[in-house]
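Novice: Submitted below is the structure of interest, expressed as structure tokens.
The values are calculated or read from the model by the stated rules, or taken from the named source; none is laboratory data. What you see is a predicted model; the values in this text were computed from it and never measured. Heads up, the Cβs are rebuilt from the backbone with ideal geometry, glycines too, and the neighbour counts pull from every protein chain shown. Just the protein is used for accessible areas: all its heavy atoms, side chains included, with ligands, DNA and RNA removed. Shrake-Rupley method; radii C 1.70, N 1.55, O 1.52, S 1.80 Å.
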Amino acid sequence: MLSHVVIIQVESSARVSIGPVQTQFFELDSPFTLESGEQLEQLRIAYETYGELNADASNAILLFHALTGSHHAAGFNPEVNGVEDLWTDECHVGWWDQFIGPGKALDTNQFFVVCANYLGSCYGSTGPISMNPATGKRYGNAFPRITAWDVVNSQLYLLNHLRIHQLHAVIGGSLGGMLAMLLATFCPNRVRTVIPIATGMQTTILQKIMNFEQIIAIRNDRDFKEGDYDLDQPPKQGLALARMIAHKTFVSLADLERRARQEITSHNLIGNFYALSHPVESYMQYQGDKFAERFDANSYLRIMDLWQNFRLQDLPTRFQDCAHQRYLLFSIDSDVCFYPEEQQAIVEELKAHGIDVTYLTVHSELGHDSFLLEPELFSPYIQFILSGTD
Ligand SMILES: CC(=O)SCCNC(=O)CCNC(=O)[C@H](O)C(C)(C)COP(=O)(O)OP(=O)(O)OC[C@H]1O[C@@H](n2cnc3c(N)ncnc32)[C@H](O)[C@@H]1OP(=O)(O)O
Ligand SMILES: N[C@@H](CCO)C(=O)O
């Protein structure tokens, strides 16, 4: 009965949208040094904010998007300056619109929410499609390798610019959860509450294999040209295949079958020996093609690279400085991208270091992407922990 009431509240607040929002840009006024020691002459971070920062800047929440998301987390943003060519209808409504707004999980009546596009991505932050000041041409393949720390560090500069020295909370799902934990453990004094969702402390062997397959899929596209492709002729087939490889780990098999309409939109032969024979093939092909229209291959490879090499280092030492933090950690029981065992390992590590953790496994039929699609499963708990006083 009680959970029924909660669900009704979330559904009714979900109708209250934050409304029109605009992309903002932060530009660092000096070169940005990457973890590798290499320097980016210019650093630009695209971001959005929702709600108002209070007088003592104590109500800020930093939200990390996942692998292919963007800074556009809530409301309606019809365009992103400079990258219109990668901006599709799918992206107009923020990817966490159901979680952010008045009365929602990240309640903008109380909190100031910041979401920034990853360094290296393709939605407005400096990345492979940006102009290289040294050559006057787009970086493309010349864009350097980046690490998870580089993404986090770039966002710390943004927080400094916004005069936010301590976050009320940092939150993220999937790869975004890894970045949230990285920030929380490497900069413990800047974070009070940590909310990682469906994530892990290091890349698993299965993820490494899946990611490697995707990297090879892009590399093998003849249009890839070792990364020196023309943006007018990008390696769409490789990117589409990469998305198909990944998508089956983001969506449960049962839900994939349900999502695929009983229709095969293209009966094209592959070579002269195989025609699409099942709606799920048609659906997967469509998902791949749709993704190839909205993402840049070099950006995808940079983000894959940082995921492949992700590992939270020196945890025993780092957690010693995190005793003041509290965690709300979520597993999704049908997740085959970040299996619940990975979050259980996080819980054990936190408990071993005396860090306060609330651990919840939500039941979903949808798989890993549940955290993007089912606000009613997460929102009441997020609201509860965010409203806790220090
Ligand atoms: C820049 C941005 O922020 S992009 C938007 C934000 N995105 C992110 O943050 C990434 C995370 N988001 C996602 O991965 C996705 O949006 C999800 C998983 C949450 C939802 O995926 P969707 O593609 O919207 O939904 P779903 O998986 O049900 O697929 C529906 C599509 O498949 C098509 N489809 C269904 N069955 C078939 C079939 N048999 N054959 C061909 N196409 C089919 C539908 O027509 C529909 O097409 P449309 O997207 O053009 O309307
Ligand atoms: N499907 C989401 C989550 C993956 O972790 C994305 O593409 O970003």
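Novice: If each DSSP helix of 4+ residues adds -39,500 (n - 2.57) and the sum is divided by the residues in the chain, what number results at 222 nm, nearest 500 deg cm²/dmol?
Specialist: Result for the chain: -11000 deg cm²/dmol, rounded to the nearest 500.
Novice: Moving on to the next point. Give, in nm to one decimal, the length gained when the segment between Glu348 and Thr265 is fully stretched (0.36 nm per residue of separation minus the Cα-Cα distance). Before the final figure, lay out each step's value.
Specialist: Working: separation 83, 0.36 × 83 = 29.88 nm, distance 4.75 nm.
Contour length minus Cα-Cα distance gives 25.1 nm.
Novice: Which of the pairs Lys104/Lys236; Lys137/Lys236; Lys104/Lys290; Lys248/Lys351; Lys104/Lys351; Lys104/Lys248 have their Cα atoms more than 26 Å apart in this structure?
Specialist: Where the Cα-Cα span goes over 26 Å, the pairs concerned are Lys104/Lys236; Lys104/Lys290; Lys248/Lys351; Lys104/Lys351; Lys104/Lys248.
Novice: Could you please state how large a percent of the accessible area of the range 265-358 is carbon and sulfur, counting protein chains only and using a 1.4 Å probe?
Specialist: Whole-percent figure for carbon plus sulfur exposure: 49.
Novice: Choose one of Ile382, Thr147, Ile18: the residue whose Cα lies farthest towards the positive end of the charge dipole of the chain (beta-carbon charges +1 Lys, Arg; -1 Asp, Glu; about the Cα centre).
Specialist: Thr147
Novice: Then there is this: Which order do peptides 120-132, 277-289, 323-335 fall in by mean Cβ count within 10 Å, highest first?
Specialist: Values: 120-132: 24.2, 277-289: 17.5, 323-335: 20.1.
Highest-to-lowest ranking by the protection proxy: 120-132, 323-335, 277-289.
Novice: Further question on the same structure: About the Cα centre, and with charges only on the beta carbon of Lys, Arg (+1) and Asp, Glu (-1), how big is the dipole of the chain? Nearest 20 debye, please. Mind showing how you got there, number by number?
Specialist: Values: 26 positive and 46 negative charges, 57 e Å.
The dipole magnitude comes to about 280 debye.
Novice: Name the shape class, rounded, prolate or oblate, that the alpha-carbon gyration tensor gives for the range 37-168, where a ≥ b ≥ c are the square roots of its eigenvalues, rounded holds for a/c under 1.5, and otherwise prolate holds if a/b is larger than b/c and oblate otherwise.
Specialist: Since a/c reaches 1.5 but b/c is at least a/b, the shape of the range 37-168 is classed as oblate.
Novice: Another one. According to a simple spin-label model (label point 7 Å from Cα along Cα-to-Cβ), what is the distance in nm between Thr358 and Glu27?
Specialist: 4.3
Novice: Which value, in Å², gives the accessible area per residue of the chain when a 1.4 Å probe is used on the protein heavy atoms?
Specialist: On the way: 17380 Å² over 390 residues.
Per-residue accessible area for the chain comes out at 45 Å².
Novice: Then there is this: How much length is gained on full extension from Ile209 to Glu52, taking 0.36 nm per residue of separation minus their Cα-Cα distance?
Specialist: 52.3 nm
Novice: Arg311 to Phe384: extension gain in nm, 0.36 nm per residue of separation minus the Cα-Cα distance? Walk me through the intermediate numbers first.
Specialist: Numbers: separation 73, 0.36 × 73 = 26.28 nm, distance 2.97 nm.
Contour length minus the Cα-Cα distance gives 23.3 nm.
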